[in-house]
1. State the Kirkwood hydrodynamic radius of chain A in Å, one decimal place, computed from all pairs of distinct Cα atoms.
2. Consider a paramagnetic label point 7 Å from the Cα of B:Ala167 along Cα→Cβ; state which residues of region A:117-133 have an amide N under 11 Å from it.
3. Could you give the dipole magnitude of chain A about its Cα centre, charging the beta-carbon of Lys and Arg +1 and that of Asp and Glu -1, in debye to the nearest 20?
4. For an R0 of 30 angstrom, estimate the FRET efficiency from the Cβ-Cβ distance between B:Ser199 and B:Ile92 and round to the nearest 0.05.
5. Quick one: which of B:Lys76/B:Lys135; A:Lys165/A:Lys247; A:Lys43/B:Lys76 span more than 31 angstrom between C-alpha atoms?
6. At 7 Å along Cα-to-Cβ for each site, give me the label-to-label distance between B:Leu46 and B:Asp113 in nm.
7. Based only on Cα atoms, what mean projected area does the convex hull of region A:65-107 have, in nm²?
8. Rounded, prolate or oblate: pick one for region A:88-147, where a ≥ b ≥ c are the square roots of the eigenvalues of its C-alpha gyration tensor, a/c under 1.5 means rounded, and failing that, prolate if a/b is larger than b/c, else oblate.
Amino acid sequence: MRTIFSRFMVVAAFCIVAPFLSVPAVDAALATCGVGGNWFDGKDQSVYTNGNYYEGVSAVITSRIGLVCDSDTSNSNNFSNAWSMIANGESASGGWVQTGYIRGYGGHIYHFGQVWDGIAPFSTHSATRYGASALASGERHRYWQQWSSSCYCELAMIDVTQWIKTTWNPFGTWTTPFEMQFEAETRYRESDVPGTPAAPAQWDTMQAQAYSDTFITMPNVLQQPAPDSTRWAISTQSVTQFRVWTK
Amino acid sequence: MRVRWYAGTCIAFVAVAVAVAVVAAYAVRSEGRRAPTRPVAADASLDPAEARHYGPVVPDAAQRAPLAPGETRYQKVGARLLPPKATDHAAIAASDALAVFRESGLRPDVFSDGGTPTIDLVRYTNDEVGPVDPKTGAVTPTAMDRLAWVVTFPTAAVVVYGGRGHASVDGGRCPFVYVVDAASGAPIDSFQECAPLHS
């Protein structure tokens, strides 16, 4: 009788303690999606104190899978991505040129690029190109935006390939100085940004295109706003390298 | 007495005219000093290093050319779709092209909310996508007059990516296009752009 009582107490104690012993699975997005938006984890430069302004950006980004929350099963709406961008200095107006990689709900990783002159409506003033073939996690690609004097336009580049280019000149369309942005992004805070603690998404070999049109090693310590979710992390390796992951 | 009256009126008139001229001149100067909120062209106030970047875009010659009969052109992504030649024959069926897209896993949601797709056999050219010669800047297109199936979902959601700190905007709905090589079945291109041009 005493033995049965002891075993009962052990099981009861286990039942009470077990929930507190459970460890959240690493790289597990939450089941329920919350408020939709554009949520970020990364670095940018929108304020310049030295008078040196830039017209293009470049970074080599390591592709990683970003798992997304489950209650929105729309592949296009529910996404996790990583990119580099040159953007309108007048943020209230919008406007950008970017390339990077993206993964939507239940899908694979693809290259993508998007351009928008900043004029409403977005639908008729933007264009987006996706890669036709999927990428593998761990692939490294140079995602970069280059202003070109041969067309007076901005080229959205991936590695050595011209991906998409603007049909307008950002100079005269946007307000200078332009913003540099290097970000991971999701539709929901309950989704994962690409990368895990063991295998983070990494931006390295970061460069800026000066007004001389030459790409130079990133000269500034970029601004680093707090990630939009407490589930995400960011660390700086150097002025030209940083990492992002989901805790 | 009358002379003094004329002189007084004349002095008053001149004074009013001078005052109007001064006010007008000040107004003109004020307008001239007003800083433009968005410079549309280079001006003397800009740093020369920046000023040289202002000017009209130089479009690709192919994109600037008049539309050919039966052509559909997506100018923002530099894609041209021409009718196939009479002798053209696709090695794979239209349904095979649709299956290639479905199996790709790219934007599968367009099957449910992108509208009824059309699948057209075309001669496909993309003038602006491909490797760039670093010396000349010339692009070698990845697709030039290639026989291809073009799968078009007419009303797919446009997704807005970024940018941080920028106002949220609604993407709207536009054609989503997936291009498959009609000979090999290999995917060639995929893009989304509203308001293509049709001849």
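Taken together, the values in this text are just the output of simple stated rules run on the coordinates, not laboratory data. What you see is a predicted model; the values in this text were computed from it and never measured. Heads up, the Cβs are rebuilt from the backbone with ideal geometry, glycines too, and the neighbour counts pull from every protein chain shown.
1. After inverting the mean inverse Cα-Cα distance, the result is 19.3 Å.
2. Counting backbone N atoms under 11 Å from the label point, the list is A:119-120.
3. Values: 14 positive and 19 negative charges, 191 e Å.
For this selection, approximately 920 debye.
4. About 0.65, to the nearest 0.05.
5. A:Lys165/A:Lys247
6. With each label placed 7 Å out from Cα toward Cβ, I get 4.1 nm.
7. Seen from a random direction, the Cα hull of region A:65-107 projects 3.8 nm² on average.
8. Values: a/c = 2.66, a/b = 1.81, b/c = 1.47.
Because a/c hits 1.5 or more and a/b exceeds b/c, region A:88-147 counts as prolate.
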